[in-house]
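Trainee: This structure is in structure tokens; I'll ask about it shortly.
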Amino acid sequence: MTLPSTILGYPRIGANRELKRALESFWAAKTTREEFLDATRSLRLANYARLTELGLTEPAAIPDTHTYYDQVLDAAFLAGIIPARFADLDGLDAYFAAARGDASHPANEMTKWFDTNYHYIVPEIDSTTAVAYTDRQVVARYTEAAEAGYTVRPVVVGPVTLLALAKGTEREPDFDPLTRIDDVAVAYAALLAELQGAGAPWVQFDEPTLATDNLPASRARLTEIAARVYSQLASLESRPQIFLAVPYGDSSASFEALAATGVEAIGVDLDRGSLPEGARAEGVTLAAGVVDGRNIWRTDLREAADKLERARATGARVVASTTTSLQHVPHTLEGEVWDEPLNANLHAWLAFADEKVAEIVTLDRGLREGWDAIDADIAASTAAFEQRASADGVTVASVRERTAALRPEDRRRGDAVLRRSLQRARLDLPLLPTTTIGSFPQRSELRVARAKRRSGELDEAGYREVLKNEIRHVIELQEEIGLDVLVHGEAERNDMVQYFAELLEGFAVTHNGWVQSYGSRCTRPSILWGDVYRTRSLGGEWIEYAQSLTSKPVKGMLTGPVTIIAWSFPRRDIPLGEVADQLALALRDEVADLEAKGITVIQVDEPALRELLPLDEARHEDYLGWSVGAFRLATSGVREDTQIHTHLCYSEFNQIIGAIAALDADVTSVEAARSRMELLESVEGTFTNDIGPGVWDIHSPRVPDTAELTDLISAALRNVAADHLWVNPDCGLKTRAYAETEQSLRNLVDAAQSVRERL
Ligand code: GLN
Ligand code: ZN
């Protein structure tokens, strides 16, 4: 039974976020375990029915990518890689404790999945972990589907990727997980035997780590391990056919080694990656990723057909596939309505998950019957692209003129040392100034008001009164606590990207375009479809209002160009660097307005700077060039004595520390509390401006006491001169409750005070 054209994975959250609801009511003990399991079973069967209806009718064409929380955590449990601290819990409880933690069990760490905004759970393993085939859910789900009449294709994170993404345990923090590969291979062999017993014709192993240079283990080492492990697995007698997929990037460096392992099918991403020149792959099925799994644009079928034909030149049997799982895009365009005149256009330009499945089915027909058979579809796709190219708003002359006229000095500020002394004189701050990252907890009054505003129960003026109240509350609290640089609290923002997307031209917002961020959390990314420009204020009036309430400086807050791109669906018809410059110019104008309103400190957040770092090392320089350039364009229009801040989070900055320094922000706050200031070792010598390593881990409800905060500040002082160090939390406070926020901030101010006295 050959591998049919397919998708690498389907959204797991449910077209109406059924998984979110099932999880949250189960966690809140509003439903029983049986009710929870039933709800997820219904969701799985509904997805299989939908995919069948869309045309994935061949056996093994439907992937089973369901998960209760995360696919990496699933694979870890499958192989028995379960930290010892969960030993007192049974299967599902241990699983959710590892994902989320509970009062007595700290969770595993969570981090970003490659260069996406999806977060996975980091497996923990050491020399004593009892690696063995443990969690049998993959087989149970296969059987469940078979009993309902579907021959699905189980999808599992592959053994190499599982270990390449793992870390050591608390007992053995420096343990190299990849040294356990042979044990993990044995566990996977047991899975294969059981799948074979259940009658599964195919299994898919995802090995995206073979497409990245951004991990501690080199790509060459990972390829070598993969070649060995997959040869072993392929030589097993009792197993389904193996489909080894390398999504998310370029796998050309490992392609030939993988094709020679004896697995029956290989999956490649032909959007971010390519096939090696002259590659041969006779005897295997090549699943050519020609439909982009991580963006929402319609596929250019002409181009896809060309790629498929070129793939055939390898001598492989070629089928059509997506570049990645479709977990990164919303379920369907059905029911989405945008404002006129955009609506008629936009619909024809887009493809969400279901529409992408239809594209795969069309391309499959072309592969089997010849491209003439899908002539009309190709013509329709070409027409949509042509129509888009000249549609209103896609190219805006005034925007293009402005970017074309940019000069190098538009991205440069004056001497940093001089700036610093001017800012000191103007702001009159103490040594070790204290500040926060921007957002404050949102009180229930505010959430209620937002809901009423949406339902029309509250008018704009009434809503603005509520926002003002919230801002006043936040300012009074900060003054009373004694912070030095205040914030307005971001009460007007539902989300730090969507808020700006809604105010800027060039974006569209979906109604039901939910994408899983992690577990039960979803985001609704905006669609950046046209040239971006600013026709109105981006919320500066709220900061101005906050500043009117206090004599201390209030920091203006904006989201940077890279982060806006990373957390939206950006257009792909022009280079991202150009999109970033358009955003930067809009922000630059807002920055100028803030200055004119009397704001003396302005922060432009770039938490996603590391996230978008290309997986391919060869592309780092280009990326860091345009991303740093866009930040500087947004922030270089200010007076020398206006202080520019930036904020970054989601760790692993060491790799891009040079680029962070090149942002040339006067003050950079970074996440550092969890790693106990590890980061600062790479800061010495690179960083000449001020830095605020987060001393309070805001991802946990725990209130750090003054002694602990004092210790962290002292630790930071080992690497940073006292007159360059700021004291602040790790990140924004919007996910925290007021009780812990107040106490933690009091302790933070006390700690800064006591270190100041010692100095
Ligand atoms: N200013 C934002 C906030 O405080 C920053 C959020 C972030 O870094 N993710 O919420
Ligand atoms: Zn942050």
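The values are calculated or read from the model by the stated rules, or taken from the named source; none is laboratory data. Since this is a predicted model, take the numbers as computed values, not measurements. Backbone-built Cβ (ideal geometry, glycine too); neighbour counts: all protein chains shown. Heavy atoms of the whole protein, side chains included, go into the accessibility calculation; ligands, DNA and RNA do not. Shrake-Rupley method; radii C 1.70, N 1.55, O 1.52, S 1.80 Å.
Trainee: Being among the acidic types (D, E) and either surrounded by fewer than 19 Cβ atoms within 10 Å (Cβ to Cβ) or within 16 Å of ligand 1 (Cβ to nearest atom) (or both) is the filter here, so list the residues in the range 579-615 that pass it. Please lay out each step first, then the result.
Mentor: So in the range 579-615, the residues among the acidic types (D, E) come out as 581, 589-590, 593, 595, 605-606, 611.
Result: D589, E590, D593, E595, D605, E606, E611.
Trainee: Now, a different point. Counting only residues that are in a loop (DSSP other than H, G, I, E, B) and surrounded by 20 or more Cβ atoms within 10 Å (Cβ to Cβ), how many does the range 334-359 have?
Mentor: Summing the residues that are in a loop (DSSP other than H, G, I, E, B) and surrounded by 20 or more Cβ atoms within 10 Å (Cβ to Cβ) in the range 334-359 gives 2.
Trainee: Specify the residue that is surrounded by the most Cβ atoms within 10 Å (Cβ to Cβ); the eligible residues are those in the range 4-26 that are over 24 Å from the mean Cα position of the chain (by Cα) and more than 24 Å from T323 (Cα to Cα). Please lay out each step first, then the result.
Mentor: Start the filter on the range 4-26 by keeping residues that are over 24 Å from the mean Cα position of the chain (by Cα), which leaves 4-6, 25-26.
Going one step further and asking which of them are more than 24 Å from T323 (Cα to Cα), we end up with 25-26.
Details: S25: 15, F26: 21.
Per the criteria, the residue is F26.
Trainee: Something else about it: Looking at the range 162-203, which of its residues are polar (S, T, N, Q) and touching a residue at least 60 places away in the same chain (Cβ under 8 Å)?
Mentor: Restricting attention to the range 162-203, the residues satisfying the condition of being polar (S, T, N, Q) are 169, 179, 196.
Across the range 162-203, the qualifying residue is only T169.
Trainee: Related question: Filter the range 598-632 for residues that are assigned to a helix (DSSP H, G or I) and aliphatic (A, V, I, L, M); which is nearest to S274 (Cα to Cα)?
Mentor: As a first pass, look at the range 598-632 and keep what is assigned to a helix (DSSP H, G or I): 617-632.
Narrowing the set further to residues that are aliphatic (A, V, I, L, M) leaves 618, 624, 628, 630.
Values: A618: 14, L624: 23, V628: 28, A630: 29 Å.
Result: A618.
Trainee: Restricting attention to the range 633-655, which residues are buried (at least 20 other Cβ atoms within 10 Å of the Cβ) and in a helix (DSSP H, G or I)?
Mentor: If the condition is that a residue be buried (at least 20 other Cβ atoms within 10 Å of the Cβ) and in a helix (DSSP H, G or I), then L633, A634, T635 are the ones that fit.
Trainee: Identify all residues within the range 520-557 that are of a type in the set (K, R) and farther than 20 Å from E505 by Cα; write none if there are none. Steps first, answer last, please.
Mentor: Within the range 520-557, the first condition is being of a type in the set (K, R), and the residues that meet it are 521, 524, 534, 536, 552, 555.
Passing the criteria: R521, K552, K555.
Trainee: Here's something else I'd like to know. Looking at (1) within 30 Å of C522 (Cβ to Cβ); (2) in contact with a strand residue (DSSP E or B) (Cβ under 7 Å, 6 or more places away or on another chain); (3) open to solvent by 10 Å² or more (accessible area, probe 1.4 Å), which is the only condition T322 fails?
Mentor: Result: T322 passes all but (3).
Trainee: Do the conditions hold for T57, that is, is it of a type in the set (V, I, T), surrounded by fewer than 16 Cβ atoms within 10 Å (Cβ to Cβ) and not in a loop (DSSP other than H, G, I, E, B)?
Mentor: Working: of a type in the set (V, I, T): yes; surrounded by fewer than 16 Cβ atoms within 10 Å (Cβ to Cβ): yes; not in a loop (DSSP other than H, G, I, E, B): no.
Here the answer is no, as T57 does not meet what is asked.
Trainee: Need the failing condition index for R280 against (1) in contact with a strand residue (DSSP E or B) (Cβ under 8 Å, 6 or more places away or on another chain); (2) modelled with pLDDT under 95, just the number.
Mentor: (1)
Trainee: Kindly list the number of the only condition in (1) of a type outside the set (G, A, S); (2) under 26 Å from V628 (Cα atoms); (3) within 16 Å of ligand 1 (Cβ to nearest atom); (4) modelled with pLDDT under 95 that fails for V683.
Mentor: It is condition (3) that V683 fails.
Trainee: Which pairs turn up if I take residues in the range 639-662 that are closer than 21 Å to H620 by Cα and look for partners that are at pLDDT 90 or above and away from ligand 1 (no atom under 16 Å from the Cβ) with beta carbon separation below 6 Å, at least 6 apart in sequence or on another chain?
Mentor: A659/L624; A659/V628; A662/V628
Trainee: Of the residues in the range 382-401, how many are surrounded by 17 or more Cβ atoms within 10 Å (Cβ to Cβ) and either in contact with a Phe, Trp or Tyr (Cβ under 6 Å, 6 or more places away or on another chain) or in a helix (DSSP H, G or I) (or both)?
Mentor: The total comes to 4.
To keep it simple, each residue is scored yes or no on (1) assigned to a helix (DSSP H, G or I); (2) closer than 26 Å to A49 by Cα.
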{"position": "G283", "(1), (2)": "no, no"}
{"position": "G289", "(1), (2)": "no, yes"}
{"position": "K307", "(1), (2)": "yes, no"}
{"position": "V361", "(1), (2)": "yes, yes"}
{"position": "G366", "(1), (2)": "yes, yes"}
{"position": "A380", "(1), (2)": "yes, no"}
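Trainee: Can you name every residue in the range 594-609 that is touching a residue at least 60 places away in the same chain (Cβ under 8 Å) and within 16 Å of ligand 2 (Cβ to nearest atom)?
Mentor: Narrowing the range 594-609 to residues touching a residue at least 60 places away in the same chain (Cβ under 8 Å): 600-601, 603-605, 607-608.
Correct list: Q603, V604, D605, P607, A608.
Trainee: Looking for something out of contact with any Pro (no Cβ under 9 Å at 6 or more places or on another chain) and within 14 Å of ligand 2 (Cβ to nearest atom) - is there at least one such residue anywhere in the range 624-637? Step through it out loud before you land on a result.
Mentor: As a first pass, look at the range 624-637 and keep what is out of contact with any Pro (no Cβ under 9 Å at 6 or more places or on another chain): 624-625, 628-629, 632, 635-637.
When the remaining residues are screened for being within 14 Å of ligand 2 (Cβ to nearest atom), the result is none.
No, because not a single residue in the range 624-637 is out of contact with any Pro (no Cβ under 9 Å at 6 or more places or on another chain) and within 14 Å of ligand 2 (Cβ to nearest atom).
Trainee: Does S754 count as of a type in the set (G, A, S), surrounded by fewer than 17 Cβ atoms within 10 Å (Cβ to Cβ) and either within 16 Å of ligand 2 (Cβ to nearest atom) or under 17 Å from P430 (Cβ atoms) (or both)?
Mentor: Working: of a type in the set (G, A, S): yes; surrounded by fewer than 17 Cβ atoms within 10 Å (Cβ to Cβ): yes; either within 16 Å of ligand 2 (Cβ to nearest atom) or under 17 Å from P430 (Cβ atoms) (or both): yes.
When the stated conditions are applied, S754 passes them.
Trainee: Moving on to the next point. Touching a strand residue (DSSP E or B) at 6+ places or on another chain (Cβ under 7 Å), part of a loop (DSSP other than H, G, I, E, B) and away from ligand 2 (no atom under 16 Å from the Cβ): is that true of V591 in this structure?
Mentor: Values: touching a strand residue (DSSP E or B) at 6+ places or on another chain (Cβ under 7 Å): yes; part of a loop (DSSP other than H, G, I, E, B): no; away from ligand 2 (no atom under 16 Å from the Cβ): yes.
When the stated conditions are applied, V591 does not pass them.
Trainee: If you don't mind, another one. How many residues does the range 173-195 contain that are more than 22 Å from R221 (Cα to Cα) and not in a helix (DSSP H, G or I)?
Mentor: The number of residues fulfilling the criteria is 0.
Trainee: I need the full set of residues from the range 702-744 which are assigned to a helix (DSSP H, G or I) and acidic (D, E), in order please. Break it down stepwise before answering.
Mentor: From the range 702-744, those assigned to a helix (DSSP H, G or I) are 706-717, 722-724, 738-744; that's our starting set.
Those that are assigned to a helix (DSSP H, G or I) and acidic (D, E): E708, D711, D723, E740, E742.
Trainee: Restricting attention to the range 89-112, which residues are aliphatic (A, V, I, L, M) and touching a residue at least 24 places away in the same chain (Cβ under 8 Å)? Spell out the reasoning first.
Mentor: Initially, the range 89-112 is screened for residues aliphatic (A, V, I, L, M), giving 89, 92, 94, 97-99, 103, 107, 110.
Selection gives L92, A98, A99, M110.
Trainee: Checking F440 against (1) among the hydrophobic types (A, V, I, L, M, F, W, C); (2) more than 16 Å from ligand 2 (Cβ to nearest atom); (3) in contact with a Gly (Cβ under 6 Å, 6 or more places away or on another chain), which test does it fail?
Mentor: Result: F440 fails condition (2) only.
Trainee: Looking at D64, is it of a type in the set (D, E) and at pLDDT below 95? Spell out how you get there, then give the answer.
Mentor: Numbers: of a type in the set (D, E): yes; at pLDDT below 95: no.
No: the conditions fail for D64.
Trainee: Can you go through F500, F440 and tell me which one is of a type in the set (F, W, Y) and more than 24 Å from R536 (Cβ to Cβ)? Break it down into steps so the answer makes sense when it comes.
Mentor: Working: F500 fails: more than 24 Å from R536 (Cβ to Cβ).
None of the other options fit; the residue is F440.
Trainee: Hey, another quick one. For the range 112-127, which positions are closer than 18 Å to S517 by Cα and either of a type in the set (A, V, I, L, M, F, W, C) or open to solvent by 20 Å² or more (accessible area, probe 1.4 Å) (or both)?
Mentor: If the condition is that a residue be closer than 18 Å to S517 by Cα and either of a type in the set (A, V, I, L, M, F, W, C) or open to solvent by 20 Å² or more (accessible area, probe 1.4 Å) (or both), then K112, W113, F114, N117, I121, V122 are the ones that fit.
Trainee: Could you grab me the full set of residues in the range 690-706 that are closer than 18 Å to F440 by Cα, buried (at least 17 other Cβ atoms within 10 Å of the Cβ) and among the charged types (D, E, K, R)?
Mentor: D697
Trainee: Can I ask one more? Going by the structure shown, is D115 more than 15 Å from the chain's Cα centre (by Cα), touching a residue at least 24 places away in the same chain (Cβ under 8 Å) and outside any helix (DSSP H, G or I)?
Mentor: On the way: more than 15 Å from the chain's Cα centre (by Cα): no; touching a residue at least 24 places away in the same chain (Cβ under 8 Å): yes; outside any helix (DSSP H, G or I): yes.
So D115 does not fit the description; no.
Residue-by-condition table, conditions (1) within 16 Å of ligand 1 (Cβ to nearest atom); (2) under 30 Å from T706 (Cα atoms):
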{"site": "A491", "(1), (2)": "yes, yes"}
{"site": "F500", "(1), (2)": "yes, no"}
{"site": "L504", "(1), (2)": "no, no"}
{"site": "T510", "(1), (2)": "no, no"}
{"site": "S517", "(1), (2)": "yes, no"}
{"site": "T523", "(1), (2)": "yes, no"}
{"site": "D531", "(1), (2)": "no, no"}
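Trainee: Right, something else. Can you find, within the range 725-745, the residue that is modelled with the lowest pLDDT among those that are buried (at least 18 other Cβ atoms within 10 Å of the Cβ) and away from ligand 1 (no atom under 14 Å from the Cβ)? Spell out how you get there, then give the answer.
Mentor: Within the range 725-745, the first condition is being buried (at least 18 other Cβ atoms within 10 Å of the Cβ), and the residues that meet it are 725-734, 736, 740-741, 744-745.
In the following step, the residues that additionally are away from ligand 1 (no atom under 14 Å from the Cβ) were identified as 725-727, 740, 744.
Numbers: L725: 96, W726: 97, V727: 98, E740: 93, S744: 97.
Top of the filtered list is E740.
Trainee: Related question: Any idea which residue in the range 429-453 is farthest from ligand 1 (Cβ to nearest atom), counting only those that are touching a residue at least 40 places away in the same chain (Cβ under 8 Å) and among the polar types (S, T, N, Q)?
Mentor: Applying the first criterion (touching a residue at least 40 places away in the same chain (Cβ under 8 Å)) to the range 429-453 yields 429-443, 446, 450.
Filter again for among the polar types (S, T, N, Q), leaving 434-436, 439, 442.
Values: T434: 15, T435: 11, T436: 7, S439: 3, Q442: 11 Å.
Going through the qualifying residues, I end up with T434.
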